[in-house]
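These notes are about the structure you will find just below.
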Amino acid sequence: MERFVPKFQGTDWPDGGARVLHVYAVPDLTAHPELAQLVGQCHTAMAGFPIIPMTGTLHCTVEMIADTTSDKITATERAALVGALHRHLAGTGPLQVIVGSPVANKAGGYLDLHPDGELVTLRQRVRNAIAETRGPGALLHTGGRPHISLGYAYDTASSDALQTELRRISPSHAPLRITGVELLDVLWRQQPRPDGGTAWELSWEPVATIPLPGSTNIAASPGA
């Protein structure tokens, strides 16, 4: 694995406070004890590697709004985006997926999500909402296979060695029910480490919750 550096508009994320709107599916570990156990075992397996584990920021990226940083998106524009997300997701019910197996890669570790079909449809509907309100220039990457990131590397290490540790975990799968997505104001920032180096760490501020039909979640104020 290699040191992870987040990307924005095809280049390294600008350090120093740049925020970008994202749509994430954020798993509720309290409601999914099997997933919580799997994530905990994965983080234990990762403990001997130079990886910052995702704890309170565990998520599946659905899409990034990549035409500009969030400070340049007005409250009116945010409200329009939230409204479009509600409309485009109105035909999507809660998704039931399987999380796992855990996989080591050059960025750290992640959990696969499958089956892909409904997740890909969810992503496309989110992309349609973004394109409607922000234009096609707000969609600057293809997304890849759906997954939940477990943690990001801050130094080089053997991905093969990490995969060996992750393969010892059993059971290596857990169910997840996705009942909504979150529009979040996401910040990546380099934080100092005890060894004198730095690591990119993720935080976010909530903007709105967009429930899928049948969800009991209540949307936040679209202008938040």
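The distance between label points at L140 and D160 comes to 3.6 nm (points 7 Å beyond Cα on the Cα→Cβ vector). Taking the Cβ of H88 as the center, what net charge do the other residues with Cβ under 14 Å away carry, scoring Lys and Arg +1 and Asp and Glu -1? Taking every other residue near H88 into account, the sum is +3. For the chain, the relative contact order is 33 percent, taking Cα pairs closer than 8 Å that sit 6 or more residues apart in sequence and dividing their mean separation by the residue count.
Each residue of the range 76-90 was assigned a 3J(HN,Hα) from its phi angle through the Karplus curve 6.51 cos²θ - 1.76 cosθ + 1.60 (θ = phi - 60°); the sequence is 5, 5, 5, 4, 5, 5, 4, x, 5, 4, 4, 5, 6, 9, 4 Hz, with glycine and proline shown as x.
The alpha-carbon atoms of the range 1-83, seen along their principal axes, cover 43, 33, 18 angstrom, with the largest extent given first.
For a paramagnetic label modelled on E205 (point 7 Å from Cα along Cα→Cβ), amide N atoms under 17 Å away belong, within the range 1-32, to 16-23.
Note the direction-averaged projected area, equal to a quarter of the hull surface, for the Cα convex hull of the range 94-174, in nm². Average projection, Cα convex hull of the range 94-174: 6.8 nm². The ranking of L183, L29 by Cβ neighbour count inside 10 Å, starting from the fewest, reads L29, L183.
Against the empirical curve 2.2 N^0.38 Å, the C-alpha radius of gyration of the range 7-211 lands at a ratio of 1.03. Note on R167 and L187: their simple-model spin labels are 4.1 nm apart, each label 7 Å out from Cα toward Cβ. Distance from the alpha carbon centroid of the range 95-153 to that of the range 186-200 works out to 25 angstrom. The modelled label-to-label distance between E77 and Q37, using points 7 Å beyond Cα along the C-beta direction, is 4.7 nm. From its DSSP helices (H runs of at least four residues, each -39,500 (n - 2.57)), the chain gives a residue-normalised ellipticity at 222 nm of -8000 deg cm²/dmol. Entry for the range 158-217 at q = 0.12, 0.14, 0.26 Å⁻¹: log10 I(q)/I(0) = -0.65, -0.82, -0.96, Debye formula applied to identical alpha-carbon scatterers, no solvent contribution.
The numbers here are math on the coordinates, done by the rules we state, and not lab data. Computed from a prediction, not measured in an experiment: that's the story for all the values here. Neighbour counts are summed over all protein chains in view; Cβ atoms, including those assigned to glycine, are modelled from backbone coordinates with ideal geometry.
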